[in-house]
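Read the structure below first, then the notes.
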Amino acid sequence: MSLDRIREKVANARINNEEGSDIITTLFMIPFIIGLIFVLIDVSSYFQTRSTVQNAARDGARTVALYGGSASNIPLNTTGKTVAQVTLSRIYANGKCLSSHCTAAPTVTCGPSKAISLSADAYCTITYHYQSVGGTLVQWLGFRGLLDAPINVTSTFKVETQY
């Protein structure tokens, strides 16, 4: 066998061995890519939920600033519910969180119950107990601590009317 023929066989063997290493590399990358997808879904779900809670708190505080917090005779209140109850119904209904999974019912406090003076602060505070979608996988990747803390949002407006 000639030296050139031996070199050709060695070169072909290297090429065949490299094809096998590409398959192994791909197999190691698949779990990483799946984990990354779960983290992206979880983080985007967290920020979407946070945005929904912030909007609900802002709307609740704006309603308190305009009409007062719990007085049942304020304009546009045909249900007799307080602003906090209406705000809660935007993010939690029928024992389920509407925006995402949660570990407990959100708490909503809005006040003051009656607008006493103009330019006073009207507020609405929401505590939302977010539960991640990825669960153990997200915890294993180290992102669980970022998403475990409850979402606490407070929004304030100046009182514009007096009843």
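The values are calculated or read from the model by the stated rules, or taken from the named source; none is laboratory data. None of these values were measured; they are calculated from a predicted model. Cβ atoms come from the backbone with ideal geometry, glycine included; neighbour counts cover every protein chain shown.
Provide a single number: the residues in segment 35-44 that are without any contact (Cβ under 8 Å) to a residue 12 or more places away in the chain and of a type in the set (Val, Ile, Thr).
Result for segment 35-44: 1.
Would you pick out the residues in segment 126-143 that are at pLDDT 80 or above and surrounded by fewer than 19 Cβ atoms within 10 Å (Cβ to Cβ)? Those that are at pLDDT 80 or above and surrounded by fewer than 19 Cβ atoms within 10 Å (Cβ to Cβ): THR127, HIS129, GLN131. Taking segment 47-83 as the range and being at pLDDT 85 or above and aliphatic (A, V, I, L, M) as the test, the residues that pass are VAL53, ALA56, ALA57, ALA61.
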